[in-house]
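Peer 1: Got a structure for you, questions after.
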Amino acid sequence: MRSLGRSISIWCALCVMCCLGAILFASCSSTSSLQKGEKLYTGADLTMTTRGEIPDEDELSDQLERLITPDPNGKLFGLFRVKLWMYNAGIFKKSMGEPPVLLQSVQPDRVASRMKSLLESKGYFLANVRYKVNEEAQKANIEYKVEVSTPYVIDSVVVEGAHAPLLDSIRIVMPKTLLRKGVPYDLATLRAERVRIDSALKDRGYFYFSPEFLYFKADSTAGSKSVDLYLNVKKGLPEGADRIYQIGDVYINSGYTLTRDSAAVLPADTTIVDGFHYVDIDKKFDPPPITRSVYLHKGDPYRRENHDLTLNRLMNLGVFKFVNVRFEERDSADVPRLDTQVYLTPQLMKTIRFELQGVSKSNNFAGPVVNSSYQNKNLFKSAVLFKLNLEAGFEASISSKQGGNSYDVSLRGELQFPRFITPFDIDDVSSLFVPKTRVALGFRLLDRLQYYQMISGDATFGYTWKESLNKQHDLNPFAFTFARLTRRTDKFTELLRTNPFLRKSFEEQFIIGPNYSFTYNDQLDQTKKNHVYFKGSADFSGNILYAAQSLITGKKGTSDNPHMILGTVYSQYSKFDIDLRHYYNSVSQTTMLASRLIAGVGFPYGNSSTLPYVKQFYIAGSNSIRAFEPRTLGPGSYRIPDSLVSSAFNDQAGDVKLEANLDFRFPIVSIVRGALFLDAGNIWLLHDDPGRPGSKFSTKTFLDEIAVGTGFGIRFDLSFFVLRFDIAWPLRVPSNPPGERWIADRIKFWNRDWMKNNLVLNIAIGYPF
């Protein structure tokens, strides 16, 4: 706690320095370096006046604001132009300073012209854009005023032109057009429609076609703010652009390099496999994993979809550094054909890695970890990935409430097959990504020196596949975990004796059953301001075994008289949880509002009265509710009696979890970013625990038992590495008596005892979510 007190004192000193710096910034004029006649540009305001119905008005306003350039000198907390002050004062002038943005560098007429063009491209043909420059002694800002009314909409789309066979193909794909009657006219939509038609034509064999060969004519003379569109094909198309091509011979070279002349391949090196001409001079690969990833077959019409599918599947095998598909037109008297060359450049297949790391965990344990791993990406010459990992670490608690050191040794092996391995055939052609069948086996030794030593083993058989770039499924039909305490200290034995709930949690460590999770993540799309992450999981144990044993023995197992396997009690439960996150980025992408909701529940039944310890829910800590020490919050309104604090097992856990977090993240200077945050949540039990009164979940009282904390943080963001310091304090403590749980009115930052008892410093790597 002394080290925490010193850290808090440092933070307070930094806050004082920041305040003094703010006063200094305010006293130093941001216009002190301006020459005569120069004016500091302080920004622009946009006012949009609308008449009629404007679809996506907020989005339209955002797009107009993005056209306003240049940006004025940035402000810290929206108050002080720190970088400009550094430039004027000569402090880090070149590395961190920012020269003044002058009114002379602003071209409002050009900005207004861009706004006008944007509005017209979206069907606001009668829009009006004006601007006004407001000048003071040495500063100036600009007001942009935009007037828009209901945009023009599409009334009809007609395909016309002289290329009869090609136009017939276009008409065939038009039922899926983006340009439907009543849709607002939008130039971007017209461009997207050209790309859609091109893609559809390429899937019908038009290999040499291009979106640029299409153009639209718009007729807005019909009145009623409607537009008739006429789709045309340009005259003078390149040769072959209006012809349908078939795939000719397909050649696969699985050992291609730039230094090896593919023309020097001898006929003896080529074999016919599944209709492909297969070349593997180095004999590194068995053909099946490669040939089943090629969807370009002789005699089929060329399809862009199969072209892309082939590229993605071959790259996703994980054994090739480069994949290239080339097409060569073959002279043919009947049907135009494309001979296909598939060039595959192998990766380095085997790697050995050794790492020494410093690790900090969400439960406030930290220490060195040694990690060594071996990887073979092409086991059995079949693109099967084999991984073997050995990890050993020592951890010490950096929190006085967590207490105790521990060491951890684990060995884990895993095989990943690039296909579904099932008793029946599964059609996996719909995805651009290679499905994986995973087999894993692991062993772990954990020794918490003050409490216990545990050995555990696990085995998993399952599948991972991506439905799309954003959607992933993980299904493990078989998941097995076995854990046993091999040593207990007297302190821990006494804890188990006095806490039946904890004793049951550690007894039932034989877990067998399926689990499934679905993940949606659109954060790779950098064009969006709003991003969503969702993960939902379901985990089951013991149900099939329990049903079989109950049927065979004619009796039902209970937690007092449970069914066993191999002389060991097994857990029976169903567990469900979700993790939903939303990220909202500002127009300038410099600030972010991040939010998260976590909810979970686990139902022990039949053979079990509690969830296994490793499957229970925990809360609080650096990645959770930061105003409370890790795993010391809850369950419910339970509070460890003062007389037991020194001897209690502080890893509080429960069957129900509810948590919500809100982070406002903003830049400060260079790589330094700040955050203001608000956290809330708790855990509960589904059944009464006499040893922990107030821990049971109730729909009538759970809202009154929600813990709330807040705080601020400093993050050093290097993109590939983020070091985070968050300081937090509680606003609501559920273990206090009812009516006294809100403590926001008792905050006393100037009181040393209050800071010592309430401020929590979290040091972590990476963002909390």
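The values are calculated or read from the model by the stated rules, or taken from the named source; none is laboratory data. The structure displayed is predicted, hence computed values, not measured ones. Positions of Cβ are backbone-derived with ideal geometry, glycine not excepted, and every protein chain shown enters the neighbour counts. SASA here: full protein model, heavy atoms, side chains in, ligands and nucleic acids out. Shrake-Rupley method; radii C 1.70, N 1.55, O 1.52, S 1.80 Å.
Peer 1: Among the residues of the stretch 160-171, which ones are surrounded by fewer than 17 Cβ atoms within 10 Å (Cβ to Cβ) and touching a strand residue (DSSP E or B) at 6+ places or on another chain (Cβ under 7 Å)?
Peer 2: Once the filter is applied, which keeps residues that are surrounded by fewer than 17 Cβ atoms within 10 Å (Cβ to Cβ) and touching a strand residue (DSSP E or B) at 6+ places or on another chain (Cβ under 7 Å), the stretch 160-171 yields E160, G161, R171.
Peer 1: Then there is this: Tell me, please, whether a residue that is basic (K, R), modelled with pLDDT of 95 or more, crowded, with 18+ Cβ neighbours inside 10 Å and under 24 Å from the mean Cα position of the chain (by Cα) can be found in the stretch 669-677.
Peer 2: no
Peer 1: Does I714 meet the test of being open to solvent by 20 Å² or more (accessible area, probe 1.4 Å) and either closer than 17 Å to S735 by Cβ or basic (K, R) (or both)?
Peer 2: no
Peer 1: Shifting gears a bit: Being part of a helix (DSSP H, G or I) and in contact with a Phe, Trp or Tyr (Cβ under 8 Å, 6 or more places away or on another chain) is the filter; apply it to the stretch 699-750 and report the residue that is farthest from G654 (Cα to Cα).
Peer 2: R746
Peer 1: Among the residues of the stretch 287-315, which ones are small (G, A, S) and buried (at least 18 other Cβ atoms within 10 Å of the Cβ)?
Peer 2: Scanning the stretch 287-315 gives a single hit, S293.
Peer 1: I'm trying to understand the selection: among the residues of the stretch 75-125, which are crowded, with 16+ Cβ neighbours inside 10 Å, among the hydrophobic types (A, V, I, L, M, F, W, C) and touching a helix residue (DSSP H, G or I) at 6+ places or on another chain (Cβ under 6 Å)?
Peer 2: L76, F80, W85, M115
Peer 1: From the residues in the stretch 209-223 that are touching a strand residue (DSSP E or B) at 6+ places or on another chain (Cβ under 9 Å) and in contact (Cβ under 8 Å) with a residue 12 or more places away in the chain, which one is farthest from E305 (Cα to Cα)?
Peer 2: A222
Peer 1: How many residues does the stretch 457-487 hold that are surrounded by 14 or more Cβ atoms within 10 Å (Cβ to Cβ) and of a type in the set (S, T, Y)?
Peer 2: 4
Peer 1: Moving to a separate point now. Could you grab me the full set of residues in the stretch 516-535 that are in contact with a Ser or Thr (Cβ under 7 Å, 6 or more places away or on another chain) and open to solvent by less than 40 Å² (accessible area, probe 1.4 Å)?
Peer 2: Result: S517, single match.
Peer 1: Further question on the same structure: Going residue by residue through the stretch 172-189, is there one that turns out to be closer than 28 Å to Y152 by Cβ, open to solvent by 30 Å² or more (accessible area, probe 1.4 Å) and among the polar types (S, T, N, Q)?
Peer 2: Yes, some residue in the stretch 172-189 is closer than 28 Å to Y152 by Cβ, open to solvent by 30 Å² or more (accessible area, probe 1.4 Å) and among the polar types (S, T, N, Q).
Peer 1: OK, next. Step by step: first the residues of the stretch 269-286, then only those that are among the β-branched types (V, I, T) and surrounded by fewer than 17 Cβ atoms within 10 Å (Cβ to Cβ), then the one that is nearest to P418 (Cα to Cα). Which residue is that?
Peer 2: Filtering the stretch 269-286 for residues that are among the β-branched types (V, I, T) and surrounded by fewer than 17 Cβ atoms within 10 Å (Cβ to Cβ), the one nearest to P418 (Cα to Cα) comes out as V273.
Peer 1: How many of the residues making up the stretch 501-537 are farther than 24 Å from L685 by Cα, outside any loop (DSSP other than H, G, I, E, B) and not hydrophobic (A, V, I, L, M, F, W, C)?
Peer 2: Final tally of qualifying residues: 6.
Peer 1: Looking for something within 24 Å of the chain's Cα centre (by Cα), small (G, A, S) and open to solvent by 20 Å² or more (accessible area, probe 1.4 Å) - is there at least one such residue anywhere in the stretch 622-645?
Peer 2: no
Peer 1: Scanning the stretch 425-445 for residues that are more than 27 Å from the chain's Cα centre (by Cα) and farther than 12 Å from L411 by Cα, which turns out most open to solvent (accessible area, probe 1.4 Å)?
Peer 2: Looking at residues that are more than 27 Å from the chain's Cα centre (by Cα) and farther than 12 Å from L411 by Cα, I get D425.
Peer 1: Examine the stretch 102-112 for a residue that is among the small types (G, A, S) and within 23 Å of L179 (Cα to Cα), and state whether such a residue exists.
Peer 2: For the stretch 102-112, residues among the small types (G, A, S) and within 23 Å of L179 (Cα to Cα): absent.
Peer 1: Can you confirm whether F725 is of a type in the set (F, W, Y) and open to solvent by less than 30 Å² (accessible area, probe 1.4 Å)?
Peer 2: When the stated conditions are applied, F725 does not pass them.
Peer 1: Identify, from the list D286, D334, the residue that is farther than 27 Å from R412 by Cβ and not hydrophobic (A, V, I, L, M, F, W, C).
Peer 2: D334
Peer 1: Further question on the same structure: Checking I544 against (1) β-branched (V, I, T); (2) open to solvent by 70 Å² or more (accessible area, probe 1.4 Å); (3) touching a strand residue (DSSP E or B) at 6+ places or on another chain (Cβ under 6 Å), which test does it fail?
Peer 2: Answer for I544: the failing condition is (3).
Peer 1: Related question: Out of S608, S637, report the one residue that is outside any strand (DSSP E or B) and closer than 21 Å to N757 by Cα.
Peer 2: It is S637.
Peer 1: When you go through (1) surrounded by fewer than 19 Cβ atoms within 10 Å (Cβ to Cβ); (2) under 39 Å from the mean Cα position of the chain (by Cα) one by one for N253, which number turns out not to apply?
Peer 2: (1)
Peer 1: How many residues are in a loop (DSSP other than H, G, I, E, B) and either of a type in the set (D, E) or touching a strand residue (DSSP E or B) at 6+ places or on another chain (Cβ under 8 Å) (or both) if we restrict to the stretch 451-480?
Peer 2: Of the residues in the stretch 451-480, 3 are in a loop (DSSP other than H, G, I, E, B) and either of a type in the set (D, E) or touching a strand residue (DSSP E or B) at 6+ places or on another chain (Cβ under 8 Å) (or both).
Peer 1: While we're on this one: Within the set of pairs 6 or more residues apart or between chains, which connect a residue that is more than 17 Å from E494 (Cβ to Cβ) inside the stretch 446-458 to a residue that is buried (at least 17 other Cβ atoms within 10 Å of the Cβ) and β-branched (V, I, T) with Cβ atoms less than 7 Å apart?
Peer 2: S456/T481; D458/T481
Peer 1: May I ask you to list the residues in the stretch 224-262 that are β-branched (V, I, T) and touching a residue at least 40 places away in the same chain (Cβ under 8 Å)?
Peer 2: The answer is V227, V233, I244, I247, V250, I252, T257.
Peer 1: Further question on the same structure: Just give me the residues in the stretch 49-74 being more than 30 Å from the chain's Cα centre (by Cα) and surrounded by 19 or more Cβ atoms within 10 Å (Cβ to Cβ), in sequence order.
Peer 2: I68, N73, listed by residue number.
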